[in-house]
1. For region 37-57, check the following and say yes or no: at least one residue is at pLDDT below 95, outside the structural domain of Cys281 (by TED's automatic domain parsing), surrounded by 14 or more Cβ atoms within 10 Å (Cβ to Cβ) and within 22 Å of the chain's Cα centre (by Cα).
2. Go over the candidates Phe210, Phe230, Phe189 one by one and state the one that is under 13 Å from the mean Cα position of the chain (by Cα), at pLDDT 95 or above and in the same structural domain as Asp83 (by TED's automatic domain parsing).
3. Kindly indicate the residue of region 58-87 that is assigned to a loop (DSSP other than H, G, I, E, B) and aromatic (Phe, Trp, Tyr) and also surrounded by the most Cβ atoms within 10 Å (Cβ to Cβ) among those meeting that condition.
4. Being in the same structural domain as Asp198 (by TED's automatic domain parsing) and within 15 Å of the chain's Cα centre (by Cα) narrows it down to one of Phe122, Phe139, so name that one.
5. Only residues that are without any contact (Cβ under 8 Å) to a residue 40 or more places away in the chain and part of a loop (DSSP other than H, G, I, E, B): list them for region 34-55, please.
6. Go through Asp100, Asp193, Asp104 for me and flag whichever is closer than 19 Å to Thr66 by Cβ and either in contact (Cβ under 8 Å) with a residue 60 or more places away in the chain or in a loop (DSSP other than H, G, I, E, B) (or both).
7. What about Thr260, is it surrounded by fewer than 20 Cβ atoms within 10 Å (Cβ to Cβ), over 24 Å from Thr44 (Cα atoms) and modelled with pLDDT under 95?
Amino acid sequence: MPFVFSALVASLALFGPTLAQSVDGSKYNNPTAGPPSSFFAAATSIPVAALQSAAANADTAAKDATYPVDYNDGAAKVTIHSDWSNFDEGAAFVWVADMDVDCDGIDYLCRGNQDGQPQTNFGALAAYEVPWIVIPNKFATTYQSVLPGNNIGAVICDGNMFYGIYGDSNGGTPEVIGEASWLMARTCFPNDDLNGNDGHDGVDVTYILFTGNDAVLPSSALNNNYITNFSTLQSMGDSLMAALANNLNLSGGSGSPTTTLITKTTTSSSPTTTCSWPGHCAGASCSTENDCSGDLICTSGKCASP
């Protein structure tokens, strides 16, 4: 529905952030004085509730996608879904998990942190200044071609959406899912006094991670330690999220009295096939069935439906 997308973009232009938020990151690198949430919050025109509902209905598992939320026996397991990963614009992975606090990087001595490392995957980010999310290392490796690092992501927590970047991975045993930086976690749950050893246990946080080089926060807005231009983070996040909402036929921003969720339909009488492994979809070259995504099989050197 082009009308929905145009309306979202127009609304972003009218109501998006107008104050440039280029900052000296070191001035915000403080456990109680990080950047204000307004620096990385989604525009009110983004249909947050509808996106959260759509995420809850995602059901196509990506490759190497299921992980526990903590290291305890019997921990809940979460699956990363790839239903949204093949869009031309706004392609993303999505999952719902808890939110533990990651303090790796230059703030690895944060309160409660028992096993912090002085670096993150793509530098030594500041957990007090950078809103980032963490993904399991195996998943990061499997999808390295579309997740090169510093990809724009978003979380929906307590009805609010905040943008961040994919800044670190979890390589524990087992690898766990559901982590974000000190800044992101404490922004989501400001009254819970979260720290490196005390996270949000509820499996009710939606994570959206955009794929591809076009979704990577540029070096002009980021250095080895800090986000230096939050306006760029917000504008990229809003643009990618508007494209995703358009792809999902969603409408209604968080400031609207109602939110409409319109599910996609197909006029074809034959079932559609969702490809969750980019580069291994129908028509891709193959030598064995292991080279093909999902239920696809290798026929005459090409991945095809069975």
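1. No: zero hits.
2. On the way: Phe230 fails: under 13 Å from the mean Cα position of the chain (by Cα); Phe189 fails: under 13 Å from the mean Cα position of the chain (by Cα).
Just one listed residue meets the conditions, Phe210.
3. Checking each candidate, the answer is Trp84.
4. Phe139 is the lone residue from the list that is in the same structural domain as Asp198 (by TED's automatic domain parsing) and within 15 Å of the chain's Cα centre (by Cα).
5. Of everything in region 34-55, just one residue is without any contact (Cβ under 8 Å) to a residue 40 or more places away in the chain and part of a loop (DSSP other than H, G, I, E, B), namely Pro36.
6. On the way: Asp193 fails: closer than 19 Å to Thr66 by Cβ; Asp104 fails: closer than 19 Å to Thr66 by Cβ.
None of the other options fit; the residue is Asp100.
7. No.
Residue-wise test of (1) outside any helix (DSSP H, G or I); (2) surrounded by fewer than 24 Cβ atoms within 10 Å (Cβ to Cβ).
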{"position": "Thr141", "(1), (2)": "no, yes"}
{"position": "Pro148", "(1), (2)": "yes, yes"}
{"position": "Asp168", "(1), (2)": "yes, no"}
{"position": "Gly172", "(1), (2)": "yes, yes"}
{"position": "Glu175", "(1), (2)": "yes, yes"}
{"position": "Asp201", "(1), (2)": "yes, yes"}
{"position": "Thr206", "(1), (2)": "yes, yes"}
{"position": "Asn225", "(1), (2)": "yes, yes"}
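The values are calculated or read from the model by the stated rules, or taken from the named source; none is laboratory data. All values reported here derive from a predicted model rather than from experimental measurement. For neighbour counting, all protein chains shown are included, and Cβ atoms are generated from backbone atoms with ideal geometry for every residue, glycine included.
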